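Note sheet for the following structure.
Nothing in this text is a laboratory measurement; each read-out follows from the coordinates by a stated rule. Bear in mind that the values here come from a model prediction, so they are computed numbers and not experimental data. Backbone-built Cβ (ideal geometry, glycine too); neighbour counts: all protein chains shown.
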Amino acid sequence: MSHLPWSLQAARALGHVLPPVFAHLVTYLIYPQQRGLHNARSFTVKSRTGSQFVGTTADLHALHVALHGFGDWRLWVVAAACCRPGDTIVEIGANVGTETVAFADTVGPTGRVYAFEPYPPNVASLRATTASLAQVTVLPCAVSGAAGRCSFVAPPSDQSGIGHLGNGDLMVDVVTLDGALPDNIAIRMLASDAEGYEPAILRGAEQRIRRDRPIIVLEASEMLLRRSNTTLAGLAGSLEQHGYRIYRIGRWGLEPPDGRPANWLALPPQDAALAASIHRAIQRQALSPLWLH
């Protein structure tokens with residue numbers, strides 16, 4: 001932990017012993033988000049899965065890791081339940097690496113994490129965080145349904161994770177998943193947080209999905225999907241046409257999908273039995289801080 005204010009250190013200490021569902025309620029009372037944004041303190045901390053994370057409190061996503069040692073803990077639970085050392089995880093919209101570090105620790109040094117991120121400042125942060133993780137390959141591009149170049153709307157400085165393709169001032173490279181990865185790797189898990197462009201990503205990954213049948217975790221928001229002129233029903237249809245069963249990743253386990261913004265878990269038929277174990281793992285670990293390092 002590098003030169004953190006005492007109040008952040010105190011909040012972090014509590015965040016490490018409280019269950020994840022309660023930790024943020026307490027830690028942000030001790031070290032409010034606005035204080036972190038104002039202090040803009042650079043830091044290096046150990047994530048709760050073991051690897052180092054490099055960030056700044058001026059970014060709300062990084063601040064969450066500074067306080068708690070994790071980003072979205074439920075995504076980490078899903079990865080731990082589904083993946084083993086040596087597996088390959090593809091992360092689209094890796095942002096500054098809040099989940100990348102946990103994915104890398106999950107698959108270990110014999111596995112691979114391909115982290116796609118198009119926004120240059122985020123790419124720099126992502127590379128700083130993963131510099132010691134040889135299993136992580138950072139690809140500085142967006143992923144969609146066709147390769148080329150596209151304009152990108154940059155995120156505000158305090159919320160690094162909400163940039164997206166669209167009518168922005170920045171031009172970024174765009175690839176398809178089918179065309180961007182080596183043929184000799186098999187994707188075990190595909191995680192996407194692309195601010196509404198998930199349907200296009202799936203279109204550009206149809207060959208991989210048919211061949212590898214990966215477990216898929218993606219952002220599902222009716223409002224964000226309007227950016228790509230589709231709906232939650234359309235997103236569900238894109239997954240169901242491949243035989244996937246869809247669940248909403250709730251705070252206390254897996255639920256049927258509904259209209260609320262959430263992360264969806266999509267399981268292929270051969271992994272259908274994982275739903276019960278993932279549900280139990282989320283329930284168990286929501287109430288216990290001990291599952292993490």
Proxy exposure order for 127, 188 (fewest C-beta within 10 Å first) is 127, 188
In the calculated pair distance distribution of segment 6-68, what percentage of Cα-Cα distances lie above 15 Å?
-> 43
Who wins for biggest fluctuation among 107, 175, 21 in a Gaussian network model of the chain, springs between alpha carbons below 10 Å?
-> 21
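Kirkwood Rh and Cα-based Rg: tell me the resulting Rg over Rh for segment 93-182, rounded to two decimals. Intermediate values should be presented prior to the final figure.
Details: Rg = 13.2 Å, Rh = 13.5 Å.
On the Cα set of segment 93-182, Rg over Rh gives 0.98.
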GNM result for the chain, Cα springs below 10 Å: residue of 39, 95, 184 fluctuating most strongly = 184
Considering the values [x] 20.8, 65; [y] 18.1, 52; [z] 18.3, 61, which represents Rg and Dmax of the Cα atoms in Å as calculated for the structure under consideration?
-> [y]
Residue among 18, 265, 75 with the largest mean-square fluctuation in a Gaussian network model of the chain, springs linking Cα atoms under 10 Å = 18
Under the helix-only model (-39500 (n - 2.57) for each DSSP H run of 4 or more, divided by the residues of the chain), the mean residue ellipticity at 222 nm, to 500 deg cm²/dmol, is -10000 deg cm²/dmol
Spatial extent of segment 18-132: Rg and Dmax, with the Cα atoms as the point set, Å | 14.0, 41
For segment 39-72 and segment 172-205, write down the distance between their C-alpha centroids in whole Å.
-> 26
In the chain, with Lys and Arg counted as +1 and Asp and Glu as -1 at Cβ, which of these residues, 151, 218, 66, has the Cα nearest the positive end of the dipole, that is, farthest along it?
-> 66
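What's the long-distance tail for segment 159-276, i.e. % of Cα pairs beyond 18 Å? Kindly include the intermediate steps, with their values, before the conclusion.
Numbers: 3590 of 6903 pairs.
Value for segment 159-276: 52 percent of Cα pairs lie more than 18 Å apart.
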